[in-house]
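Taken together, the values in this text are just the output of simple stated rules run on the coordinates, not laboratory data. None of the values given here were measured: they were computed from a predicted structure. Virtual Cβ from ideal backbone geometry, glycine too; neighbours counted across all protein chains shown.
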Amino acid sequence: MWNKRQAGVTLVELIVAIVIIGIAVAGVLQIFNLGAVASADPIVTKQLRAVAEGLMDEIQRQPFAATAHTPAANACTRNTFNDVRDYDGYKPGSICLVNGEAVAGLENMTVEVTVTATDTLANVPDTNAYLITVTTAKAGNNFTLRGWRTNFANGVPQ
């Protein structure tokens, strides 16, 4: 038989339940906070990728053969670059357009380009190719894009 006096909960049981529920809610809120902080990373990665792909496209459209050019007056300007090798060592202080004008909103992003000559591409000897590496960085995030530019005038497809 049940004792009628023991119906309900005691004050101690109620306090213990409140403490347990409070700890569980704090843990769930902490997980949501981590998700909100990390949600900006995909946006930064997309920005890094877009800048790297744009610069890679610009470089790969340039002629393969090295030709003389007038050095740019501004370290960010690329409008005097007239072949792939001109981009080697390109490392402006910020992201800019071809004419050297800084791109608004990308002041904290950096880019670095290296162009390395090679005679072998994918086990094909005498290819005459350049390995182009474009690295972008912002807020501790890095993105590296690699591409090739071949001398297709020698009969090797691009």
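Couple of notes before you dig in:
- Restricted to the range 41-72, and to residues there that are of a type in the set (Val, Ile, Thr) and in a helix (DSSP H, G or I), the residue that is surrounded by the fewest Cβ atoms within 10 Å (Cβ to Cβ) is 43.
- Verdict on residue 75 being loosely packed, with under 10 Cβ neighbours inside 10 Å, among the aliphatic types (A, V, I, L, M) and part of a loop (DSSP other than H, G, I, E, B): no
- Candidates 10, 45 - the one that is in contact (Cβ under 8 Å) with a residue 40 or more places away in the chain and of a type in the set (Val, Ile, Thr): 45
- For the range 84-116, filtered to residues that are touching a residue at least 60 places away in the same chain (Cβ under 8 Å) and closer than 19 Å to residue 138 by Cβ, the residue that is surrounded by the fewest Cβ atoms within 10 Å (Cβ to Cβ) is 109.
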